[in-house]
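A short write-up of the structure that comes next.
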Amino acid sequence: MLRCIECGREYPEDEVRYRCDCGGLLEVVIDLDKVENVFDGKNITLWKYKSFIPVEKRVSLNEGGTPLYRLENLQKELEMRELYVKNEGANPTGSFKDRGMTVGVSKALELGMDKVICASTGNTSASLAAYSAKAGIRSYVLVPSGKIALGKLAQAIVYGAKVVPIRGNFDDALRVVVEASRELGVYMLNSINPFRLEGQKTIAFEVFDQLGFVPNNVILPVGNAGNISAIWKGFKELYEAGFIDKLPRMIGIQAEGASPLAKAWKERREFKPEEKPETVATAIRIGNPANWKKAWKAVEESGGSLESVSDEEILKAQKLLASKEGIFVEPASASSLAGLIKLKELSLIEPDESYVLITTGHGLKDPNIIIENFKLPEPIEPSLEAFKEVL
Ligand code: F0G
């Protein structure tokens, strides 16, 4: 069953529907009497948690089961007790979007849809393209022209999506996609589609399964605000099913130039979209997060917070995570570490608690950002002499 988060109206799961008639966001209601307690720390993959996932079909590329690292070096440097990274870049197309797409594209097949569409800053389009290739259906992706990382664009192209660049940003693209899905009968797989979040909530299941306990805090980047909502839903389901007895705080990080939620939160005022979002972290270059109401609830209910970080802080954190821990993530993903560092400096978080940072996408998706900011030395003659000179 689907339920509106605003007015509570319910709809069956077998109709194509993205919003309530009142305009509110929908969420899938899971029968928690039927879920299985499989949290034994073993054989972790997304589909291990199938009793929580509301589809029967399974279009899969073996998503999930991503590594959870203890940041031994960084926790010492930052004088914190317990820091972890859940590295979602290790998914089949290199981002957490695969969790949403294995469920979303499976749902498309169950509904008998043979065309799917999304707006994207890059990762969603790469993932949708891959899963629809696997399913043998057509995919259309609308991306902001010139503002999508090279690797992501290459992925969408090679997996065979119809890639349409638009003159505008993600928010403009999403508006067109919503209209197109309505008029053209194409199934929309942006994160307003509640089935996407049903896949992404498994990040919460894996964190608990891998750690064996619930961390005090989960920190992650926020763009269209689907993932923070999904992970919170996952933890709440574990709690309501009686598998855990406490919940983490959800801490969402936005890039300063695209931070409508963090601004509203910090200034304690109504949410207002940002007209011209801008940041080096193109994945989260979003001014009007479609899921903002779900995200706001997640932060409020969990006792968490929303913060923003500058592009400079993001790039510094990206370098730090790679050079101290061997984990290369794209800029948007590094905002979770940048946020942790900023909150620590502002004494807004407790160094003795446990923190899981979600790094959402692989660093190789956006190599330009590294290369453009680094000057290689001149080439040397192929001799030991010349090499010694450089040393
Ligand atoms: N990190 C990365 C690497 C992303 O690609 C995204 C979103 C986010 C974080 C934010 O997640 O939107 O659920 O709050 N990327 C979308 C896309 C918008 O089109 O790939 P969110």
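The values are calculated or read from the model by the stated rules, or taken from the named source; none is laboratory data. Note that this is a predicted model, so its numbers are computed, not measured. Because the Cβ atoms are built from the backbone with ideal geometry, glycine has one as well, and the counts that use them run over all protein chains shown.
Check whether at least one residue in segment 321-336 is without any contact (Cβ under 8 Å) to a residue 12 or more places away in the chain, over 24 Å from residue 144 (Cβ atoms) and either assigned to a helix (DSSP H, G or I) or out of contact with any helix residue (DSSP H, G or I) (no Cβ under 7 Å at 6 or more places or on another chain) (or both), and report yes or no. Step through it out loud before you land on a result.
Within segment 321-336, the subset without any contact (Cβ under 8 Å) to a residue 12 or more places away in the chain is 323, 326.
Now restrict to residues that are over 24 Å from residue 144 (Cβ atoms): 323, 326.
From what's left, either assigned to a helix (DSSP H, G or I) or out of contact with any helix residue (DSSP H, G or I) (no Cβ under 7 Å at 6 or more places or on another chain) (or both): 323, 326.
There is at least one residue in segment 321-336 that is without any contact (Cβ under 8 Å) to a residue 12 or more places away in the chain, over 24 Å from residue 144 (Cβ atoms) and either assigned to a helix (DSSP H, G or I) or out of contact with any helix residue (DSSP H, G or I) (no Cβ under 7 Å at 6 or more places or on another chain) (or both).
Among all residues of segment 192-208, there is at least one that is touching a residue at least 60 places away in the same chain (Cβ under 8 Å), touching a Gly at 6+ places or on another chain (Cβ under 7 Å) and more than 16 Å from the ligand (Cβ to nearest atom). Among the residues of segment 173-186, none qualifies, meaning not one is touching a Lys or Arg at 6+ places or on another chain (Cβ under 8 Å) and closer than 27 Å to residue 314 by Cα. Of all residues in segment 268-276, none satisfies being in the same structural domain as residue 333 (by TED's automatic domain parsing), within 30 Å of residue 364 (Cβ to Cβ) and within 12 Å of the ligand (Cβ to nearest atom).
Would you pick out the residues in segment 212-225 that are near the ligand (Cβ under 9 Å from one of its atoms) and under 27 Å from residue 43 (Cβ atoms)?
Applying the first criterion (near the ligand (Cβ under 9 Å from one of its atoms)) to segment 212-225 yields 220-225.
Once the filter is applied, which keeps residues that are near the ligand (Cβ under 9 Å from one of its atoms) and under 27 Å from residue 43 (Cβ atoms), segment 212-225 yields only 220.
Among the residues of segment 1-22, those identified as in a loop (DSSP other than H, G, I, E, B) and of a type in the set (D, E, K, R) are 6, 9, 13, 14, 15, 17, 21. Checking each residue in segment 255-272 for being under 21 Å from residue 336 (Cβ atoms) and out of contact with any strand residue (DSSP E or B) (no Cβ under 6 Å at 6 or more places or on another chain) picks out 255, 257, 258, 260, 263, 264, 266.
Taken together, the criteria exclude residue 181 from residues that are within 12 Å of the ligand (Cβ to nearest atom), more than 23 Å from residue 338 (Cα to Cα) and modelled with pLDDT of 95 or more.
If you check residue 382 against the conditions, is it over 23 Å from residue 231 (Cα atoms), touching a helix residue (DSSP H, G or I) at 6+ places or on another chain (Cβ under 8 Å), not in a strand (DSSP E or B) and not assigned by TED's automatic domain parsing to the domain that holds residue 203? Before you say what the answer is, go through the steps one by one.
Details: over 23 Å from residue 231 (Cα atoms): yes; touching a helix residue (DSSP H, G or I) at 6+ places or on another chain (Cβ under 8 Å): no; not in a strand (DSSP E or B): yes; not assigned by TED's automatic domain parsing to the domain that holds residue 203: yes.
No; evaluated as a whole, the condition is false for this residue.
Those strands (runs of 3 or more DSSP E) of segment 23-140 in which at least 1 residues are within 16 Å of the ligand (Cβ to nearest atom) and in contact (Cβ under 8 Å) with a residue 12 or more places away in the chain, considering only elements entirely within it, cover 26-28, 82-87, 115-119. Taking the condition of a type in the set (A, V, I, L, M), closer than 30 Å to residue 12 by Cβ and part of a loop (DSSP other than H, G, I, E, B), does residue 148 pass? So residue 148 does not fit the description; no. Checking each residue in segment 341-389 for being hydroxyl-bearing (Ser, Thr, Tyr) and either touching a His at 6+ places or on another chain (Cβ under 6 Å) or loosely packed, with under 11 Cβ neighbours inside 10 Å (or both) picks out 347, 383. With respect to (1) buried (at least 23 other Cβ atoms within 10 Å of the Cβ); (2) away from the ligand (no atom under 16 Å from the Cβ); (3) over 20 Å from residue 339 (Cβ atoms); (4) not small (Gly, Ala, Ser), the lone exception for residue 248 is condition (3).
The single residue among 83, 26 that is surrounded by 14 or more Cβ atoms within 10 Å (Cβ to Cβ), in contact with a strand residue (DSSP E or B) (Cβ under 6 Å, 6 or more places away or on another chain) and more than 30 Å from residue 349 (Cα to Cα) turns out to be 26. Once segment 143-162 is narrowed to residues that are surrounded by fewer than 24 Cβ atoms within 10 Å (Cβ to Cβ) and within 13 Å of the ligand (Cβ to nearest atom), the residue that is farthest from residue 330 (Cα to Cα) is 144.
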